[in-house]
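Asker: Pasting a structure below so you can have a look.
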Amino acid sequence: MKLAAVFAPGFEKVIPSVLKHFLPDAKDIKVTSGFVRFSLDKDPFRAVKLDFFNNVFLIINEWGGSLSFEAMCKKMLNGNFPVNIEKEIRKQHFKSFRIRYSKANQFMPVNKNMCGSMEKAISQFFGMKTDRLGGDTEFWFFTRTENFSAFALRMTKKQSTEKYLNQGELRPEFVTLLAGFAGLLPDKNRSINILDPFAGYGGIVKQVHKMLPKSHVYASEIEKNLAEDLKRHFASISVTVCSATALSYVPDHSIDVVITDPPWGFWKAQVRDDKALEELYDGMLSEFARVIKPEGKICILTAAKETFEKCFQRSVFAKVLLNEKDADFRTDVLVNGKKAAVYLINP
């Protein structure tokens, strides 16, 4: 059975390895910008558990090219729903549904009569009731810029980030990909030392601890209230109140992986303080050079690309070339629609 999934753009290079780690039987993997198609022979709903995807779809039918919604609906109304897909969907016991129409990641209005005919067909075939305000599940007609069009079932149903994340906190699926970029994959038996000196609300700390429960996670935060909150919720994680430029609690050359999301340079009232940001990044990189093991990795997410690279060039890590040949050093990504970059340093 064919599936498709949406993820944070920029992580295309790590998707195949991360996907195969969680689903070894995944095959026919095709990755484009923020989008992957793959196949599973059995139980496609296993893919719902992959927390690095924003959305996962079970493909009911697909077509090459950019088809109109009307053309796709006609093809479905004039054809048959695949029997194997019908069985998998019926196993989920959905009672109601709605249909969404998406073109290049934007929901679009459609002809009401055409929509009504499609709703009637789905209702009769799968035994569900139409619920245009929500429903237990969603069927999507979508067309993408990769010359790919499909009719699919949306398998995932995630909460709104506003309900369970603090402002500025990274989504768990984004952190999983960030960790994959740093070579961290879920492993209940692996034990290494991991550092996040800008712990904030704990978005990275929480997810990394969940992925590698036996590892020792060093977390620090300069704001005392945030650090105290982390201590209350995560007793098994070492949390220290300190600046990332003075990590005295971390021994020399003791960290296997640094994975962090430092401030991007916007302070109170959203005023950019480049001098303060440079001082922070300079001090941060100096401490990273002290605590990282010779074979360790440093993974940094920031939107202040120019400032970071300026500081990097005068750091002890400057042996890493800042040019196109060093493809792993910088990877541009989108974080909630904002342009940023992930930097990977191998000392």
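Asker: How much of the calculated P(r) for region 176-262 lies past 15 Å, in percent of all Cα pairs? Can you show the working numbers first?
Answerer: On the way: 1980 of 3741 pairs.
Across region 176-262, Cα pairs with separations above 15 Å total 53 percent.
Asker: Still on this structure, I have one more. What residue among PHE125, PHE174, PHE57 shows peak mean-square fluctuation when the chain is described by a Gaussian network model with Cα springs under 10 Å?
Answerer: Among PHE125, PHE174, PHE57, the largest GNM mean-square fluctuation belongs to PHE125.
Asker: Leaving out same-chain residues fewer than 8 places away, which lysines sit with a Cα under 24 Å from that of LYS75?
Answerer: LYS75 reaches LYS2, LYS87, LYS103, LYS112, LYS120, LYS129.
Asker: Moving to a separate point now. Pick out the long, greasy-scoring helices in the chain: whole DSSP H runs spanning 18 Å or more along their own axis by Cα, mean Kyte-Doolittle at least 1.6.
Answerer: none
Asker: Could you give me the radius of gyration and the Dmax of region 69-176, taking only the C-alpha atoms into account and expressing both in angstrom?
Answerer: Rg then Dmax for region 69-176, in Å: 15.7, 47.
Asker: Which values, in whole Å and largest first, are the semi-axes of the equivalent ellipsoid of the chain obtained as the square root of 5 times each eigenvalue of the Cα gyration tensor?
Answerer: So the equivalent ellipsoid measures 43, 20, 19 Å along its semi-axes.
Asker: Name the lysines eligible as straight-distance cross-link partners of LYS214: C-alpha to C-alpha under 24 Å, and not fewer than 8 places from it in the same chain.
Answerer: Those lysines meeting the cut-off are LYS20, LYS49, LYS188, LYS206, LYS231, LYS293, LYS297.
Asker: Could you tell me what percent of the accessible area of region 1-102 is made up of carbon and sulfur, with a 1.4 Å probe and every protein chain present?
Answerer: The C+S portion of the solvent-accessible surface of region 1-102 is 50 percent.
The values are calculated or read from the model by the stated rules, or taken from the named source; none is laboratory data. In this text, all values refer to a predicted model and were calculated from it rather than measured experimentally. Quick note on the areas: whole protein, heavy atoms, side chains included, nothing else; ligands and nucleic acids left out. Shrake-Rupley method; radii C 1.70, N 1.55, O 1.52, S 1.80 Å.
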